[in-house]
Each structure stands twice: as structure tokens, then as C-alpha cells.
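The values are calculated or read from the model by the stated rules, or taken from the named source; none is laboratory data. In this text the structure is predicted, and so the values were computed from the model without any measurement. Note that each Cβ is placed from the backbone with ideal geometry, even for glycine, and that neighbours are counted across all protein chains shown.
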Amino acid sequence: MRTRDPLILGIDLGGTKILTSVINSKGEMLSRDHTVTPAAKGPEGVIQAIHASAKRAVEGASITMDRLTAVGVGAPGLADGKAGILLTSPNLPGWKDVPLRDILQEKFKKRAFLINDGNAAALGEYYFGAARGVAHFIYVTISTGIGGGIVVDGKLLLGSRGLAGEIGHMTIADKGPPCHCGNRGCWEALASGTALAKAARKRIKAGADTTILGFAEGKIDKVTAQTVQSASEKGDPLANQLILKTAYYFGVGLANLVNIFNPEMIVIGGGLSNMGDRLLKPAYRVAEERAFNQSYRMVRFVRAALGRNSGVLGAAAFAFDEMKKELGKPDV
Ligand SMILES: [Zn+2]
């Protein structure tokens, strides 16, 4: 092993899973450890789980904790990167104003850096994935919610405290369905996998003629975006209609991003993007109709390259970035 290559412990803290990895400056993951997030145990239990997972990741990379240069953690919710505080998190009950950065610094005896998960994933794709070398791009993840991050002039747009990039909570329909953030008509309340499943359940309950239930073991609570997709693949008209509606709202949000940021590229990741053309093509058409032509023509829409690793790689990239004065930039 190159002894002087800085190594970062990357942590992707999710509402259901924690991924930790020892990552070098080339974005190579020397180890990985997956564990379930014991979300119900609150911050203390989750932080213990992070610590245990980190120990396994460090062992997996055949190093000791001393060898680590720093720790980068990506967390869901509003992460005040400057103060290192996770202000609130819809996916982590009981987390309010948790000084996660300082807690991890204390635990690992290393410098630690905190970033929102969507912003982390954007950085991951920027340094190591689909947006390498692209100075103006937006990362959009569409899955149970919608998140992302915005890179302008080669720099992640963090806003004054790190709360920028909450693209899933831009209002798309002023009287739209309620969002768990407290607002209504947010992009993710209309175009996420959760929104799609909810819309399907509503129509089924209202007696719609559809095969969707057959893909959900006949149980309404097992109807998910995935079951709607399966029904659509077999030509179910309601499933097709629901996906088109999701695509419509997804496209409206994309048009807003194109007009506001004039990106060169929009990188799309997340579970729902695996629907591919069925969802994305009609969404791009809507974006084309609604955005300025000149701006739309400059955008390349590409699929994310790093899959589930984007967050952990990005959290590490953020730590590299923050320490670059001491370490030099990631070697990419
Ligand atoms: Zn919202």
C-alpha cells in the first residue's frame, strides 16, 4: 500500500442502512461495511452502530484507525455543515440539533466533516462518477423521496450553512398533496416512488380496474412503485397512466432546474430511475416543453454511475475537499 496516500473513512448514514468504507484519494473503496440503522434507538444507538461499522470497515481495509486522515459523513436531512450539526432528519426520529461532527471527532479522534446525503452523492458523481470534469451539473436522485445536489462553477452549492440543494422540496403544485416536510405540493410529494405508490393505492381503493394488486400479493399495503412498474410492463393502462403522471411532475421539476441553473448535465440516480425510458423519456419531453429551448438544448441527461456508493464516496470527497489545503486535491 502507498503509505502516504490519505485515507478517509466515508460514512453514508441512511434512514434504513449505514454504509461505511475506507476510501483513498482516487475514490477506491478499500473496504465496505453495511449495517442496519437502528433508527428507533435514537441518536445514541445510531452513533454506536456507526462506530461498530467503522471498526469493521477499518479492519476490512487491513489498517488501524491511526492510519485514517479524516472522517466524512453524509446524513439525511438538514445538515449544517459549518457547525457540524444535523438540525433535523425526516428519516431519523429523535434527531434534533445533534452535533454529529463533534461526536464523531470525539469517537474517532480524527477530524470529521458533515454533509447532507444528496449533496454528498452529487460530490461523489462529480469526483468519481458520471459528472467528472463537468463544472455545471445537478444531481437528482428519485427514489422514496427526491434529493440532490447542485454544482456550479465546479463547486458544490452549499448555501450559507450547507442547507442548499433541497430540490425535492421545491413547490410544484401550490395546492398539491402534503409533504412530510410540512409544506404541500413539493416535488417529492408528487414525483417520488412514494407518491407513485400512494396514487396507485388511492385509485385501487376507489375501485379502479387494474392488475396492480396482482403484483402486490393482492394486498393494498404491498403496492409500491415497483409493483406499479411491473403492471406497466405487462401493459396495465392504469399503471401506465400513473407512471406518466409521475413523469409529468418529474419533468416539471427538471424544467425548473434547467431554467434556474443552466446546467451542462443533469445526472439522475435513485431506485426509480431504473424504470428507464418508461419514466425518463416522457419526463424529458415535459422538461423540453417547459424550459427555455436554448437552455434545454445545452443539457445532457445522464444516469448516475456510482449507484449506492455515490453517498459514501461523496462524503469522503467532501472530507478530502475540506482538507485540501493540507492534503492537496483528490487525485482525479
Ligand atoms: Zn417537502
Being part of a strand (DSSP E or B) and surrounded by fewer than 22 Cβ atoms within 10 Å (Cβ to Cβ) is the filter here; which residues of the range 86-101 pass it? LEU87, THR88, LYS96, ASP97
Can you tell me which residues in the range 134-155 are buried (at least 24 other Cβ atoms within 10 Å of the Cβ) and either out of contact with any helix residue (DSSP H, G or I) (no Cβ under 9 Å at 6 or more places or on another chain) or part of a strand (DSSP E or B) (or both)? PHE137, ILE138, TYR139, VAL140, THR141, ILE142, ILE146, GLY147, GLY148, GLY149, ILE150, VAL151
Can you say whether VAL252 is crowded, with 17+ Cβ neighbours inside 10 Å, part of a strand (DSSP E or B) and at pLDDT 95 or above, as far as the supplied structure shows? no
Of the conditions (1) in a helix (DSSP H, G or I); (2) more than 16 Å from the ligand (Cβ to nearest atom); (3) not basic (Lys, Arg), the single one that THR194 does not satisfy is (2)
Based on what the data block shows, is LEU87 in contact with a Phe, Trp or Tyr (Cβ under 9 Å, 6 or more places away or on another chain), modelled with pLDDT of 95 or more and under 24 Å from ASN183 (Cα atoms)? yes
Residue identified as within 16 Å of the ligand (Cβ to nearest atom), in a helix (DSSP H, G or I), over 20 Å from ALA231 (Cα atoms) and in contact with a strand residue (DSSP E or B) (Cβ under 8 Å, 6 or more places away or on another chain) among ALA164, ALA189: ALA189
Inside the range 261-323, counting only helices (runs of 4 or more DSSP H) that do not spill past its ends, which hold 3 or more residues that are surrounded by 16 or more Cβ atoms within 10 Å (Cβ to Cβ)? 277-290, 310-322
Any idea which of LYS17, LYS41 is surrounded by fewer than 22 Cβ atoms within 10 Å (Cβ to Cβ) and over 18 Å from ALA121 (Cα atoms)? LYS41
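The rows are residues; the columns are (1) touching a Gly at 6+ places or on another chain (Cβ under 9 Å); (2) within 22 Å of ALA283 (Cα to Cα).
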| residue | (1), (2) |
| --- | --- |
| LYS205 | no, no |
| ILE220 | no, no |
| GLN226 | yes, yes |
| SER232 | no, yes |
| LEU244 | no, yes |
| VAL252 | no, yes |
From ILE63, ILE8, ILE47, which residue is among the aliphatic types (A, V, I, L, M) and assigned to a strand (DSSP E or B)? ILE8
